[in-house]
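Since the structure comes first, as structure tokens, the remarks are kept for the end.
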Amino acid sequence: MKQIVAGAVMMFVLLAGTGMVSTAQAAGTVDGSLIFATEPVGGFDSTVGIGVGGTFDVSKAARDVKVAVRADMSYFEWDGGAFGVDLSYSRLMFFGGPRFYFGGGGGRTPVSPYLEGGLELSFDEVEFYHPVLGKVSGDDTSIGLAGGGGVEIGLADRLKLGIGARLHVIDDDFLSISFSLGYAF
């Protein structure tokens with residue numbers, strides 16, 4: 001059931017972004033990311049996750065500012081322990097919100113810094129093995145806020161390298177740093 005809800009949310013976010021793009025007659029970028037994340041709660045190790053997303057320009061012809069809509073999905077899995085029990089904590093997250101490019105050219109130059117913020121939807125699952133009960137698991141759904149910034153660097157005509165950081169203010173807050181490779185269309 002969780003996968004169906006996650007798929008429906010992602011489809012809604014991407015279709016909403018596509019609708020905004022077609023209204024604004026603008027371009028966008030799709031990307032894949034490798035994401036380093038701090039531990040969400042004590043007892044867990046930092047981890048590396050993956051993500052996919054899209055950024056869609058909705059600003060028309062602004063001179064020094066570009067306003068875009070960002071939607072992405074990321075997955076993290078942390079390992080840790082408490083009281084001698086090994087734990088596994090996984091999180092599937094969906095983010096959606098505005099991204100503001102600034103500086104000379106408003107995101108249309110080879111180096112484009114940005115700030116972003118928005119809402120996140122998180123599907124969490126915790127699993128551990130209990131010596132008496134066996135495998136025990138639980139899941140949770142959370143809504144929170146996220147914000148951060150970064151820079152996109154043009155590598156070729158349509159290829160972009162992105163480096164960004166985001167603070168996730170959600171149940172079990174954490175910080176992530178992402179490295180992405182994107183294709184502009």
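Which sequence of Tyr114, Tyr183, Tyr129 reflects their accessible areas, 1.4 Å probe, from the largest down?
Tyr129, Tyr183, Tyr114
Can you tally the net charge around Val58? Count Lys and Arg as +1, Asp and Glu as -1, for every other residue whose Cβ sits under 13 Å from the Cβ of Val58.
For residues surrounding Val58, the net value is +3.
How do Ile50, Ile153 rank by accessible surface area computed with a 1.4 Å probe, from largest to smallest?
Order by accessible area, largest first: Ile50, Ile153.
Just how much of Asp45 is accessible, in Å², when a 1.4 Å probe is used and the result is rounded to the nearest 10?
Looks like 100 Å² after rounding.
The values are calculated or read from the model by the stated rules, or taken from the named source; none is laboratory data. What you see is a predicted model, and the numbers here were worked out from it, not measured in a lab. Positions of Cβ are generated from backbone atoms using ideal geometry, with glycine treated the same way; all protein chains shown enter the neighbour counts. SASA here: full protein model, heavy atoms, side chains in, ligands and nucleic acids out. Shrake-Rupley method; radii C 1.70, N 1.55, O 1.52, S 1.80 Å.
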